């Protein structure tokens, strides 16, 4: 399955190296991602995809589970404001 998604050995090595750099050097990557000063702790590439989905679907309501520090919820709420469509509800454990 991996080779179908990511091609042959060279592409697989590139994907593997990216994941190692991104997830194992987390102090300079996903834990250092902010939206307007609020920690998002998400991959910026994923956040870009979120905006593409939101723009395409234009949901009335987004439910985010695992809110933690709120940056990704703030990001999606900002996108909803820009589109003048949608709201976000966040849920997390205390």
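Every number here is computed from the coordinates shown, using simple stated rules; none is lab data. The model shown is predicted, which means the values in this text are computed figures rather than measured ones. All Cβ positions, even for glycine, are placed from backbone atoms using ideal geometry, and neighbour counts span all protein chains on display.
Can you tell me the FRET efficiency between residue 60 and residue 11 if r is taken as the Cβ-Cβ distance and R0 is 41 Å, rounded to the nearest 0.05? Taking R0 as 41 Å, the efficiency between residue 60 and residue 11 is 0.60. For the chain, take the longest principal axis of its alpha carbons; what is the angle in degrees between that and the long axis of helix 44-57, to the nearest 10 within 0 to 90? Orientation of helix 44-57: about 50 degrees from the principal axis. Given the choices [x] 16.0; [y] 19.8; [z] 15.0, Kirkwood radius over Cα pairs in Å derived from the coordinates of this structure is entry [z]. Note on the chain: with a GNM built from Cα contacts shorter than 10 Å, the maximum mean-square fluctuation among 50, 68, 24 falls on 24. Here the Gaussian network model covers the chain, with springs between Cα atoms less than 10 Å apart; of 73, 40, 13, 13 fluctuates the most. Across 55, 74, 18, mean-square fluctuation computed from a Gaussian network of the chain (C-alpha pairs under 10 Å connected) peaks at 18.
Once fully extended, how much extra length lies between residue 87 and residue 20, figured as 0.36 nm per residue of separation less the alpha-carbon to alpha-carbon distance? Intermediate values should be presented prior to the final figure.
Details: separation 67, 0.36 × 67 = 24.12 nm, distance 3.49 nm.
Gain in length upon complete extension: 20.6 nm.
Dividing the summed helix terms, -39500 (n - 2.57) for each DSSP H run of n ≥ 4, by the number of residues in the chain produces a 222 nm estimate of -16000 deg cm²/dmol to the nearest 500. Counted by neighbouring Cβ atoms within 10 Å, the residues 43, 80 run from fewest to most as 43, 80.
Taking the 0 to 90 degree range and rounding to the nearest ten, how far is the long axis of helix 71-83 tilted relative to the main principal axis of the chain, both from C-alpha atoms? Rounded to the nearest ten degrees, it is 60.
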